[in-house]
1. If we count every other residue with Cβ under 15 angstrom of Q486's Cβ, Lys/Arg +1 and Asp/Glu -1, where does the sum land?
2. Mind giving me the FRET efficiency for E443 and K382? R0 is 30 Å, r the Cβ-Cβ distance, nearest 0.05 is fine.
3. In the calculated pair distance distribution of the stretch 194-294, what percentage of Cα-Cα distances lie above 20 Å?
4. Quick one: if you stick a label point 7 Å off each Cα along the C-beta vector at A175 and L224, how many nm between them?
5. Assign unit charges at the C-beta atoms only (+1 for Lys and Arg, -1 for Asp and Glu), then state the dipole size of the stretch 300-395 relative to its Cα centre in Debye, rounded to the nearest 20.
6. Quick one: net charge around D129, please, counting Lys, Arg +1 and Asp, Glu -1 for every other residue with C-beta under 12 Å from its C-beta.
7. Mind checking which of P201, G245, F277 is farthest towards the positive end of the stretch 194-294's charge dipole, using Cβ charges of +1 (Lys, Arg) and -1 (Asp, Glu) about the Cα centre?
8. Residues of the stretch 366-383 with the amide nitrogen closer than 17 Å to a label point 7 Å from the Cα of E357, along Cα-to-Cβ, please.
Amino acid sequence: MPQGSLRRFPLGGVILAFLAGLLLAGLLNLPGFSAAQQQDTRYAAGGTPPPAAAIGSLQGLSEAFASVAETVKPSVVFIKSGKRSDQDQRNMPRPQLPPGFEEFMPRLPQMQPPEFQEAAGSGFIVSRDGYILTNDHVVNGSDVVTVRLLDRREFKAKVIGTDPGTDLAVIKIDATGLSPAPLGDSDAARVGEWVLAVGNPLGENLTFTVTSGIISAKGRTLALPNVSDRSIQDFIQTDAAINPGNSGGPLVSTGGRVLGVNSAIASRTGFYSGYGFAIPINLARQVMDQIIAHGEVRRSVLGIAVRNASANDAAYVGLPDIRGVLVEDFGTESSAAKQAGLEPGDIIITVDGKPVEYVGQLQQRIAFRKPGETVKVEVARKGGVRKTYNVRLQALPGATAVAGRSGGTGGKADEAGAAVGRLGVTVAPVTRDDVARYELTEEQRGLLVTGVTAGGPSWGELVDAGRGGPDIILEVEGKPVKAVGQLAEAVKGMKPGEIVSLRVYNAQAKNRRVERIRLGE
């Protein structure tokens, strides 16, 4: 058909054709819509919307997060700290090549530390008169500390005091219109609760960042740099994203209250990989109050070396579950705990009637009491014996032993040892050479552990010289042992599966402890 034919088709004919088509469709009962129209209708009608209750819950959680972020962010601060390099380090002479080597080696540029080293972190306001809580590692040793608020105002800050033992510090600014963050109760916080982390990850470009997650665990201890015998660790673990620069910022509940001070991450790369850690606010509050009141932290001690009780420890003293803190040794002869009547091997289960589950909890029950105060310490002993002692606390001395073990490198094992198969160890009497090598006193002489059977009863509990020792077994069930036969005789009458209590001295770490070993066949 010529192209113009369509334009010339009479209008009346078009109408008649349309009506005829409708009549035919009705007679044949054909569908009244095209396939495309049917498809659209099917998609529109086939979906089931989410239940209103579910939508409401998600919207409620979203609204809670937004409200908390809006409320807490004005309390968070961005901290910049700076330290001047030592003049002597900056003026160190350029290393010189040996004469005649200059033409073979390129002349390297002189490497000098910068005159002013800067770092950044976070913190949060705790009072309207300008006190700010942050981490010790954010400000300690700094010559200049600057604080920036959410509204972009900046102030020079004064470091009021620091406590490396808990990695906490308090600084202060002179400012008005501040918004303190409300503090919560970290003891009441539960694993699985939603939390928000607020801070300044990676410095200037990501300030006042908010991330979300849950509380993943409580009561964590970490092998952090600069951990000392004064360290108290009781970290809250969270999967809320925390990165360098978040240090000192708050970990906040959905109720808008601070539960912890973000402090560390577990990562092989140095960046967030799912594990962040915060200091519980109940611990931080005690440190903060002492720093504000005294400019320092004053602590009390029981005068004991301790570790968390093991399954064997709990079974040995008849505890129905694995909890408590094992007394390994006393710091000095004048130890408050020793004078009160506690013994090595005791498991501390309560202080003033409050349960003690692990070392960090015991430290917090004791450390922030006043020296001279008396506390009631309940211990568990062999056979289900329970005793309570009144211990008069002592002030923390310059250094004291605390929980944990430190390893070292050892010498060669004594090949003349005799096997004690039920313990899974090889031992030998201490020789004159051992006494001289390890500077042993009379009280530190017993049976030298020269080998530990891999996978045996003592594997992971006792160590020889090649694995952080040697350990020296001093007592078995409270009786001194200095001859191989005495050790073998001490366990001879015991049945497989029974637990034997050993007093042990580590010649490298130079500390005493108690080990409970479940005997093998």
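Readers should treat all values here as calculations from the given coordinates under stated rules, not as data from a laboratory. This structure is a prediction, so every number in the text was calculated from the model and none was measured. In this analysis, Cβ positions are derived from the backbone assuming ideal geometry, glycine residues included, and neighbour counts consider all displayed protein chains.
1. That works out to +3.
2. The computed FRET efficiency comes out at 0.85.
3. 36 percent
4. 2.4 nm
5. For this selection, approximately 260 debye.
6. Net charge around D129: +1.
7. It is F277, whose Cα lies furthest towards the positive end.
8. 366
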